[in-house]
1. For segment 63-84, give me the residue count where each residue is among the hydrophobic types (A, V, I, L, M, F, W, C), over 14 Å from Val30 (Cα atoms) and in contact with a Ser or Thr (Cβ under 7 Å, 6 or more places away or on another chain).
2. Identify all residues within segment 92-143 that are under 16 Å from the mean Cα position of the chain (by Cα), more than 30 Å from Arg57 (Cβ to Cβ) and in contact (Cβ under 8 Å) with a residue 60 or more places away in the chain; write none if there are none.
3. What about Gly69, is it touching a residue at least 40 places away in the same chain (Cβ under 8 Å) and either assigned by TED's automatic domain parsing to the domain that holds Leu283 or of a type outside the set (D, E, K, R) (or both)?
4. Got a number for residues in segment 293-309 being surrounded by 17 or more Cβ atoms within 10 Å (Cβ to Cβ) and modelled with pLDDT of 95 or more?
5. It is to be established whether one or more residues within segment 95-118 are modelled with pLDDT under 95 and among the β-branched types (Val, Ile, Thr).
6. Regarding segment 57-69, can at least one residue be identified that is in contact with a His (Cβ under 7 Å, 6 or more places away or on another chain) and either over 21 Å from Leu283 (Cα atoms) or at pLDDT 95 or above (or both)?
Amino acid sequence: MNPQPRILVMGAGGIGGIVASTLMEVGSAVTAVSTNPLIRAAVDKGGFRVVDEGEERVVRGWVSPAPEGNYDLCILATQPPNVEEAARTALPHLAENARVVVLQNGLCEDRIAAIVGADRVIGGIVAWGASMPEPGRYERTAAGGFSLGRLSGDLDDDIRRVGELLEAIGPVVLTTNLRGARWSKLALNCAVSALGTIAGERLGPVVRQRRYRRLALEIMSEAVAVARAEGITLEKVAGTLDLEWVALNDTDRAASASMALTAKHALLLAVGLRYRRMRSSMLAAIERGRTPAIDFLNGEVVTRGAAAGVSTPVNARVVETVWAIAKGTTKSSRETLDGLCGPDSTIA
């Protein structure tokens, strides 16, 4: 990869806007692309308005409707339902030795490898939060950095170079177990995104309720069971959250209270409060009339669980509920979330 790469950022929503503007701010050669004319018009007029830790700054730049020229590095920062189309759009504009960084939640690396070639693909797990409350205005809602890796587990000069570039945005960790890190983040995202989307709230107020934390634990436990069935060795999320330990076992489910169950609730509460300002990107997508990423999150768990012979009834109900919200047959509310908790006192 070119030591001074020409960078293409596909997507200018919450994550893409922060990535593109920060790289522009430090002097990288960046082209940001968005199909949303409101975003393009807002940035062209007022720049990227970035709010970080309560302080707002403006990064002058622009957003293009489509890529032009050739690029040494492509960063895919769209929502998961749009990532494959974004990769196909970018492919004709990639230099021969260009690398493609996949920032989407879920398990998208295999999908992108089928389009651009596995040797190009670098997985990038985002450990921070961002939202775009209005076109051209970007708010970091949680601090953090990235985990980078390849499906092969290899670490090379290109992945280290990408890590150096992304350090401008947040600390970078390189992993030789991308699949394990991806599955751990998927399990967490399945819970966090589902709760926020179905309740229609930021994470903080929701995670304070014990019944909702129990629902999150059930969602994550099913994801962990599917990962185990696929032979995945899970990585700790952000180096601290051990999903293997968090997953509920038969003793946890049989007990109304225990030291282990209390500790799991406490850990989930701590994680939730750390990301308390985070608002589900799925909820934002639904509000904008876009396709939610539910099939790439909880839907992925359900599909892979069926293939592996692992039952995933809680995730299946989450998928059904989110699609009902997206289609307008039900609304995001705590009452809707309560319906997923059910009458079982161990969950309620």
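1. We begin by selecting, within segment 63-84, every residue among the hydrophobic types (A, V, I, L, M, F, W, C); these are 63, 66, 73-77, 83.
With the extra rule that they be over 14 Å from Val30 (Cα atoms), the set shrinks to 83.
From what's left, in contact with a Ser or Thr (Cβ under 7 Å, 6 or more places away or on another chain): none.
Result for segment 63-84: 0.
2. If the condition is that a residue be under 16 Å from the mean Cα position of the chain (by Cα), more than 30 Å from Arg57 (Cβ to Cβ) and in contact (Cβ under 8 Å) with a residue 60 or more places away in the chain, then Gly106, Leu107, Cys108, Glu109 are the ones that fit.
3. Values: touching a residue at least 40 places away in the same chain (Cβ under 8 Å): yes; either assigned by TED's automatic domain parsing to the domain that holds Leu283 or of a type outside the set (D, E, K, R) (or both): yes.
Answer is yes for this residue.
4. Step one: list which residues in segment 293-309 are surrounded by 17 or more Cβ atoms within 10 Å (Cβ to Cβ), which gives 293-302, 304-305.
Still in the list and also modelled with pLDDT of 95 or more: 294-302, 304-305.
Qualifying residue count for the region: 11.
5. No - not one qualifying residue is present in segment 95-118.
6. Filtering segment 57-69 for residues in contact with a His (Cβ under 7 Å, 6 or more places away or on another chain) gives 67, 69.
Then drop every residue that is not either over 21 Å from Leu283 (Cα atoms) or at pLDDT 95 or above (or both), which leaves 67, 69.
Checked segment 57-69: at least one residue is in contact with a His (Cβ under 7 Å, 6 or more places away or on another chain) and either over 21 Å from Leu283 (Cα atoms) or at pLDDT 95 or above (or both).
So that you can scan it fast, the table gives a plain yes or no per residue for (1) of a type in the set (Ser, Thr, Tyr); (2) within 24 Å of Glu109 (Cα to Cα); (3) in contact with a helix residue (DSSP H, G or I) (Cβ under 6 Å, 6 or more places away or on another chain):
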site: Gly272; (1), (2), (3): no, no, yes
site: Tyr275; (1), (2), (3): yes, no, yes
site: Arg288; (1), (2), (3): no, no, no
site: Glu300; (1), (2), (3): no, yes, no
site: Val314; (1), (2), (3): no, no, yes
site: Arg317; (1), (2), (3): no, no, yes
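For (1) within 20 Å of the chain's Cα centre (by Cα); (2) closer than 30 Å to Cys74 by Cβ, each residue gets a yes or a no:
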residue: Leu155; (1), (2): no, yes
residue: Leu166; (1), (2): yes, yes
residue: Gly170; (1), (2): yes, yes
residue: Val173; (1), (2): yes, yes
residue: Arg182; (1), (2): yes, yes
residue: Pro205; (1), (2): no, no
residue: Leu217; (1), (2): yes, no
residue: Glu230; (1), (2): no, yes
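The values are calculated or read from the model by the stated rules, or taken from the named source; none is laboratory data. These numbers come from a predicted model, not from an experiment. As a convention, Cβ positions derive from the backbone with ideal geometry for all residues, glycine included, and neighbour counts pool all protein chains shown.
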